[in-house]
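This report concerns only the one structure given below.
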Amino acid sequence: MYKILYNICMNVGIYCNRETKKYKPICDALFVLLKKKRIAHTVFEEVEAIGGVDVLVVLGGDGTILKAAIAAGRLGIRVLGINSGNLGFLTEFEGEQVAEAVALLQGPAETEKRSVLEVRVGGQVFYALNDAVFQRGYSAAADDNVVAVTAHIDGKKVDEIVGDGVIVSTPTGSTAYSLSAGGSILTPDIAAFILTPICAHSLHNRPIVFADSSALSVRLSDRDTALSLFCDGKFVLSMGSGEEAVLRKAPFGVEFLKRKDSNFFDKLLFKLNKWSK
């Protein structure tokens, strides 16, 4: 979903990944321009500190954006990514385009809202902009380490998937791990999620695209295995027999600032070609 902002408030936050090799010159250029344009800004060293701003400029790659996006989305803070990493599907500008990024902060600009996954396991709640991944947990005592995962959508059984686990992806995450596992690419505006098997042991197991208005439940079919849950690549917990995860669309999304000439397919082709080298 797109909308146009004609007056962007200039209360800007900055969250950086200082470990990227291109960080220093890009960061220096950004601060020089913000000062020159008299744009008030606050630097956040930790994700937990993010707040009190209208736009969060994220300097890094997709991993850095994923670290900050949920915190920003829950507070209604828009996100603008500048790539100082290797690959940036979520960044709007490359590192040499700092001047264009700062110009966008002065508006007008379009915004694009991305859906977020909510994952409930017991009394715990987790969120993911890209994906929730349920993978087999390693056990030295086990005869094999495949898992059997049973999935239901709105209470109706979808399948039992035997293999390394499953990926539940948003449209944003459809170009990430799910794509590597054979999932479809979804444009960001599609109101759907993808259930993608990981190295399934049966050829009938295939990725399933389902409406993001539905609730998906995932549980272990086996008693003697464990299932590790990762949200946006971060391990959050281990599930055992009898435990169930329920996934649905979160009550908030993440809103990204976009250029007027932003083209998903141009970016997709460029990034996939770069990724293939």
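Only the coordinates and a few stated rules stand behind these numbers; no lab work does. Everything numeric here is computed off the predicted structure, so don't read it as measured data. Cβ: placed from backbone, ideal geometry, glycine included. Neighbour counts: every protein chain shown.
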> In segment 86-186, how does Rg compare with the Kirkwood Rh, expressed as the Rg/Rh ratio over alpha carbon atoms?
Replying inline: 1.11
> Percent antiparallel among DSSP beta bridges with both residues in the chain, to the nearest 5?
Replying inline: 75 percent
>> Whole-Hz ³J(HN,Hα) for each residue in segment 169-185, computed from phi via Karplus 6.51 cos²θ - 1.76 cosθ + 1.60 with θ = phi - 60°, x for glycine and proline: what do you get?
In response: 10, 7, x, 4, x, 5, 9, 10, 4, 4, 5, 4, 8, x, x, 6, 8
>> Connecting C-alpha atoms closer than 10 Å in a GNM of the chain, tell me which of S213, S221, S84 has the biggest fluctuation.
In response: S213
>> Taking the Cα centre as origin and putting +1 on Lys and Arg beta-carbons and -1 on Asp and Glu beta-carbons, what dipole magnitude results for segment 119-277, to the nearest 20 debye?
In response: 620 debye
> Relative to the Cα centre, what is the charge dipole magnitude of the chain, using +1 at the beta carbon of each Lys and Arg, -1 at the beta carbon of each Asp and Glu, and rounding to the nearest 20 debye?
Replying inline: 880 debye
>> Just checking my list (1) 27, 20, 19; (2) 30, 24, 15; (3) 36, 18, 18 against semi-axes √(5λ) of the Cα gyration tensor in Å computed from this structure; which label fits?
In response: (3)
>> Below 8 Å, C-alpha to C-alpha, sequence gap of six or more: please give me the relative contact order for the chain in percent.
In response: 20 percent
> Residues with amide H under 5 Å of F89's amide H, sequence separation 5 or more or different chain, H placed in the peptide plane at 1.01 Å from N; which?
Replying inline: D62
> If the viscosity is 0.890 mPa s and the temperature 25 °C, what Stokes-Einstein diffusion coefficient in µm²/s follows for segment 11-92 when Rh is the Kirkwood radius over Cα pairs?
Replying inline: 196 µm²/s
>> Run the simple label-point estimate for R259 and S214 please: 7 Å along Cα→C-beta, distance reported in nm.
In response: 3.7 nm
> Pairs K24/K113; K156/K249; K24/K234; K67/K260; K113/K156; K113/K267: which exceed 23 Å Cα-Cα?
Replying inline: K24/K113; K24/K234; K67/K260; K113/K156
